[in-house]
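Taken together, the values in this text are just the output of simple stated rules run on the coordinates, not laboratory data. Please read all numbers here as calculations on a predicted model, not as lab measurements. Glycine gets a Cβ as well: all are built from the backbone with ideal geometry, and neighbour counts include every protein chain shown.
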Amino acid sequence: MFETARRSHTWAIATALLVTVLWSSSWVLIRVGLDDEALEPVTFAGLRYSLAAAALLAWVLPRHKSRAELLTLRASTWRYLLVLGVVFYAITQGAQFVAIDAQPAATTSLMLAPTPLLVAVLSQRSIGERVDARQVAGALLIVIGATVFFAGDLGATVVGIVASTIGLAANVASALLGRSINRQRDLNPATVTVVSMTVGAVLLLGTGLVVEGMPTLSGTAIAVVVWLAVVNTALAFTLWNASLRRLAAVESAAINNTMLIQIAALAWIFLGEPPGIVGGLGIVVVSIGALLAQRPRAARR
């Protein structure tokens, strides 16, 4: 039994890491949409998540078991999923798009670095998950490593900092709420994703169209939105919710923060921006922190 649980936990870690790779590539594509295609940030986010929600609905609704689950959800579960949709999609993703539009992506990703540390501090009191000293130390190392990696002038702006701060707070809240919902094994990850994403997508797109107006989409812009929606959102968020059935909140937050290094690596590969010696040191520190933040085997058992 212990061996099966260990394999399931390893699968959850591998799945979560795959999702972060997809999400990290999104930052490059978001920059293409914002800079090259001149898309407005909130409308761009709304298009991405609305199309992703539509794709998930088209996949979920034809299945009798999925329809039955949706129809039999308790009122309390609906409330949790609605709140998750507002916090995780409308606020977190909307704030990140605005921040990326206002300042370099590296600056925005750096400001999200405290997420696992804050989750570690809050998880025991809010959702009853015990966090040991090793996990707190790992989360703290991630923050230190990220700061070392991105030391120097990062081109921060007032709008970017405010949006990033809002995104950080919403990210922490959604990590705790998402774990609380997904550890209830009676809920299918696809159900959690499709309900919460649809709520957040409607809010994002509606806000974007009212504030920023109707966008003009080129062929490239359409291709970027479709890829982000289907692969990096519909598929990725479903896999992420599945991994949260096994990973503790602080574990998922630590894995999520490896995106700091992945984004930097993508910038090195595609934009010719090598991290240098100091950046390399930051990568090592973040990697060690992410490993330490994983729950020890004894605790998992």
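Data for the structure
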| item | result |
| --- | --- |
| Label-point gap, in nm, between residue 157 and residue 183 - each point 7 angstrom along Cα→Cβ | 4.0 nm |
| Environment charge at residue 48 (Cβ cut-off 15 Å; Lys +1, Arg +1, Asp -1, Glu -1) | -3 |
| For residue 14, net neighbour charge (Lys/Arg +1, Asp/Glu -1) across residues whose Cβ lies under 13 Å away | +2 |
| Rounded if a/c under 1.5, otherwise prolate or oblate - segment 160-219, Cα gyration tensor axes | oblate |
| Among 187-195, 108-116, 73-81, the order from most to least packed when residues are scored by Cβ within 10 Å on average | 108-116, 187-195, 73-81 |
| Cα-centred dipole magnitude for segment 21-68, charges only on beta-carbon of K, R (+1) and D, E (-1), debye, nearest 20 | 540 debye |
| Simple label model, 7 Å out from Cα along Cβ direction - residue 133 to residue 83, nm | 3.4 nm |
| At R0 = 30 Å, FRET efficiency that the Cβ-Cβ distance of residue 65 and residue 10 yields, to 0.05 | 0.65 |
